[in-house]
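Each reported figure results from applying straightforward, stated rules to the coordinates on display, with no laboratory input. Every value quoted in this text rests on a predicted model; they were computed, and no experiment measured them. For neighbour counting, all protein chains shown are included, and Cβ atoms are generated from backbone atoms with ideal geometry for every residue, glycine included.
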Amino acid sequence: MLPSPPFRIAPADSQDLGHVLAMIEALADYEKLRHLCIATEAGLRESLFGAKPAAEVLLGWEGSEPVAFALFFHNFSTFLGRKGLYLEDLFVRPAFRRHGYGRALLVHLARIAVERGCGRFEWAVLDWNAPAIGFYESLGATVMPDWRISRVTGPGLQKLAALPLFGNR
């Protein structure tokens, strides 16, 4: 068996936007949520590399090919009184799974969290994704059974924002 090309992790930059968008689209396909994926390179450029970046991206490379990515940002824990690191998305292209790349990205992110003084490192996982849940638990993560994500988007967000602050008009 030939040795596999070296795997390296590097922060994405604006030159990598095509790779980042391709990873996001591949993740949306995998999660059967492509119909919700409206990300564009222009939007990502502003959100990731504009004046006030909202998130950061790591790309995992096997040789010269991008094969994995992680998109993350800081959140804040009022109970800890400290910032945390939130992993929005982690994706390894199917042909490159079981090489340790997902684990390497999670370890790399945990190190970033520690270096930045974060009180915790967290992420969400779809309840049907048993392989991912088992993988995360094998690394010491706890899947929080008592918490559910609440979300308002699109027209629902517009409607909520238009409500008066007090009353029910």
| query | Counting other C-beta atoms within 10 Å, which of Trp61, Trp147 has the fewest, and how do the rest follow? | reply | Trp147, Trp61
| Can you list, largest first and rounded to whole Å, the semi-axes you get for segment 108-169 by taking the square root of 5 times each eigenvalue of its Cα gyration tensor? | 34, 18, 11
| query | With charges set only on the Cβ (+1 for Lys and Arg, -1 for Asp and Glu), what does the dipole of the chain come to about its Cα centre, in debye to the nearest 20? | reply | 460
| request: Count the net charge of all other residues whose Cβ sits under 10 Å from the Cβ of Val67, scoring Lys and Arg as +1 and Asp and Glu as -1. | output: 0
| query | Who wins for biggest fluctuation among Val152, Val92, Val143 in a Gaussian network model of the chain, springs between alpha carbons below 10 Å? | reply | Val152
| Around Gly140, with a cut-off of 14 angstrom between Cβ atoms, what is the net charge of the other residues, counting Lys and Arg +1 and Asp and Glu -1? | 0
| remark: GNM of the chain, Cα pairs under 10 angstrom: of Pro53, Pro131, Pro11, the biggest fluctuation goes to Pro131
| query | How much net charge surrounds Gly100 when only the other residues with a Cβ under 15 Å from the Cβ of Gly100 are counted, with Lys and Arg +1 and Asp and Glu -1? | reply | +4
| request: Would you mind calculating the relative contact order of segment 40-139 from Cα pairs under 8 angstrom and at least 6 residues apart, reporting the percent as a whole number? | output: 20
| query | For Rg and Dmax of the Cα atoms in Å, which listed value, [x] 17.7, 62; [y] 19.5, 62; [z] 17.8, 69, comes from the coordinates shown? | reply | [z]
| Which value at 222 nm does the chain reach when only helices count, each DSSP H run of 4 or more adding -39,500 (n - 2.57), with the total divided by all residues and rounded to the nearest 500 deg cm²/dmol? | -10000 deg cm²/dmol
| Residues Leu157, Leu48, sorted so that the one with the fewest Cβ neighbours within 10 Å comes first | Leu157, Leu48
